[in-house]
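The values are calculated or read from the model by the stated rules, or taken from the named source; none is laboratory data. Small disclaimer: the values here were computed from a predicted structure and weren't measured. Here the Cβ positions follow ideal geometry from the backbone for every residue, glycine too, while neighbour counts run over all protein chains shown.
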Amino acid sequence: MTSLSPNPAPASCGGSCPLEQVRYACTLGAITSVIAIPGAQPITHCGPGCASKQFHALSGISGYQGGEFQVPSTNMGNREVIFGGADRLDTVIGATLKVMEADLFVVLSGCVPALIGDDVASVVSGYRKRGVPIVFAETNGYQGNNFTGHEIVARAIIDQYADDYAGPVQPGLVNVWSLLPYQNPFWRGDLEEIQRLLDGIGLEVNILFGHSSRGAEEWRQVPRAQFNLVLSPWLGLETARHLEQKYGQPFLHIPTVPIGARETGRFLRAVADFAGLDRDRVERFIAAEERRYYLYLRDFSAFYAGCTSQYQLPSALVVVSDSAYNLAVSAFMIDQLGLVPACHIITENPPEAERAGIVAAFRALSDDSEVPVYFAEDGYEIDRIVRATDLTGHLPIVFGTTWEDELAKALDAPLIEIGYPCTDEVVLSRSYIGYRGALHLIERIYTTVVRAETMG
């Protein structure tokens, strides 16, 4: 497989430039990570409207996911800025405990209390000393984005709720750290599929987020796990490293979220080897899943074999999304569907220390492919990179967000929305990963191709 030759990427502005077409939320957007834990209740200490804007942005224009949003907030104003907001937070927490039931309360602070120096930790610790299951996460918006906030929330729950543990390890129990809730439109279905796959090879799974999670009970079990699984290019690594230091738990890092038979089989075997599972059971499960998968592909082949004379099938791949889905979709499209990698743009501003590892994971997609990988957050810059890519002789397909709609039209390319913002998809439980998700993705790709041809 030979990649197309891109022009050099434009120079970065070093994080000091305003962003056009934003693709993530601020650190307080981690409110959605709390909402994604069954039985957890966020309480926000921030300015008026901050929490609702973060939630409705990540839920509403990311596949119209919905979800429960009943979040008490201090709604800090001028009085709190001048005199401090700790007393108001104390009042709000007390009132929340009287009228709302939850297994775990998580207080998230925004920019204003951080700027004026409110001692939020002291207020929260007073309730914890009284036996209230409550933790505090410092998620002031200027610390980073909602990826940053997600790690902060996870660490807060681990350190303040799961707390210290020196008991026995439970063999076969795994904590999974993977896709970012709400930021990824398909996170709920994807996490359920990850759990199903790991259950199938004999593991007990703390999936931690989503409708299949047992909520706070799972977070209590985190220190008892045999190991941690980080299934993403970088998100969750900081948490896994912290757990390794705190509890001595080993972790397995698999950068590529698996899509399709080849990647999923490779993923399951790697996990099984790390966990010391019964290999016969693992192979039986993989064989059963692959049989079903390839039967559907056999049926699909009748369409594929006959469609080349009727439809223009894409041959070059452009992906604009956060690194997790960018890498996952690229691996599937390049290695299993045979497309030429043209341009891959990572949009979530991952930590500088993790970028070399992300690029290495892309380089490993094909032995003879130099996949062009860029890190860019600004919509104007992203548009410029893609338009500068040499696509001569190829029909591209774009995997991106709603922001890429006009760009895809300019390239005369079908667009598959896989990231935030996502306004042309309504997503409930759909998944694009594993064996079953790959079939859904193939359906989505070729439905889009056929529809574009028939409507064009």
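Taking residues in region 200-224 that are under 22 Å from P168 (Cβ atoms) and assigned by TED's automatic domain parsing to the domain that holds F251, and partners anywhere that are of a type in the set (F, W, Y) and surrounded by fewer than 22 Cβ atoms within 10 Å (Cβ to Cβ), the pairs with Cβ atoms closer than 8 Å and at least 6 places apart or on different chains are A216/Y161; W219/Y161; R220/Y161; P223/Y165; P223/Y247; R224/Y165.
Every test in (1) outside any helix (DSSP H, G or I); (2) in contact (Cβ under 8 Å) with a residue 60 or more places away in the chain is passed by I345 save one, and that test is (2). With respect to being surrounded by fewer than 22 Cβ atoms within 10 Å (Cβ to Cβ), in contact with a Ser or Thr (Cβ under 8 Å, 6 or more places away or on another chain) and assigned to a helix (DSSP H, G or I), Y161 falls outside the description. Find the residue count for region 117-143, including only residues that are in a helix (DSSP H, G or I) and of a type in the set (G, A, S). Result for region 117-143: 5. Scanning region 350-379 for residues that are outside any helix (DSSP H, G or I), within 23 Å of Y432 (Cα to Cα) and touching a residue at least 60 places away in the same chain (Cβ under 8 Å) yields P350, S366, V371. On inspection, A408 passes the criterion of being crowded, with 18+ Cβ neighbours inside 10 Å, over 20 Å from the mean Cα position of the chain (by Cα) and not in a loop (DSSP other than H, G, I, E, B).
Filter region 414-439 down to the residues that are assigned to a loop (DSSP other than H, G, I, E, B), surrounded by 24 or more Cβ atoms within 10 Å (Cβ to Cβ) and either of a type in the set (A, V, I, L, M, F, W, C) or in contact with a His (Cβ under 7 Å, 6 or more places away or on another chain) (or both) and list them by number. Correct list: I418, Y432, I433.
Only one of the numbered conditions (1) surrounded by fewer than 22 Cβ atoms within 10 Å (Cβ to Cβ); (2) free of Cβ contacts under 8 Å to residues at least 40 places away in the same chain; (3) more than 16 Å from the chain's Cα centre (by Cα) is violated by P133, and that is (2). Taking each residue of region 48-71 that is without any contact (Cβ under 8 Å) to a residue 24 or more places away in the chain and looking for partners that are of a type in the set (F, W, Y) and outside any helix (DSSP H, G or I) with beta-carbon atoms closer than 8 Å, six or more apart or interchain, yields S52/F69; H56/F69. Selection of helices (runs of 4 or more DSSP H) fully inside region 11-101 by the criterion of at least 3 residues being closer than 21 Å to Y420 by Cβ and hydroxyl-bearing (S, T, Y) returns nothing. The lone criterion from (1) over 28 Å from N349 (Cα atoms); (2) under 20 Å from the mean Cα position of the chain (by Cα) left unmet by R430 is number (1).
Okay, residues lined up against (1) closer than 26 Å to I61 by Cα; (2) buried (at least 19 other Cβ atoms within 10 Å of the Cβ); (3) at pLDDT 90 or above; (4) not aromatic (F, W, Y):
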site	(1), (2), (3), (4)
R363	no, no, no, yes
V371	no, yes, no, yes
E377	yes, yes, yes, yes
E381	yes, yes, yes, yes
V398	yes, yes, yes, yes
W403	yes, yes, yes, no
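Note on region 299-318: residues that are more than 12 Å from V449 (Cβ to Cβ) and out of contact with any Ser or Thr (no Cβ under 8 Å at 6 or more places or on another chain) total 8.
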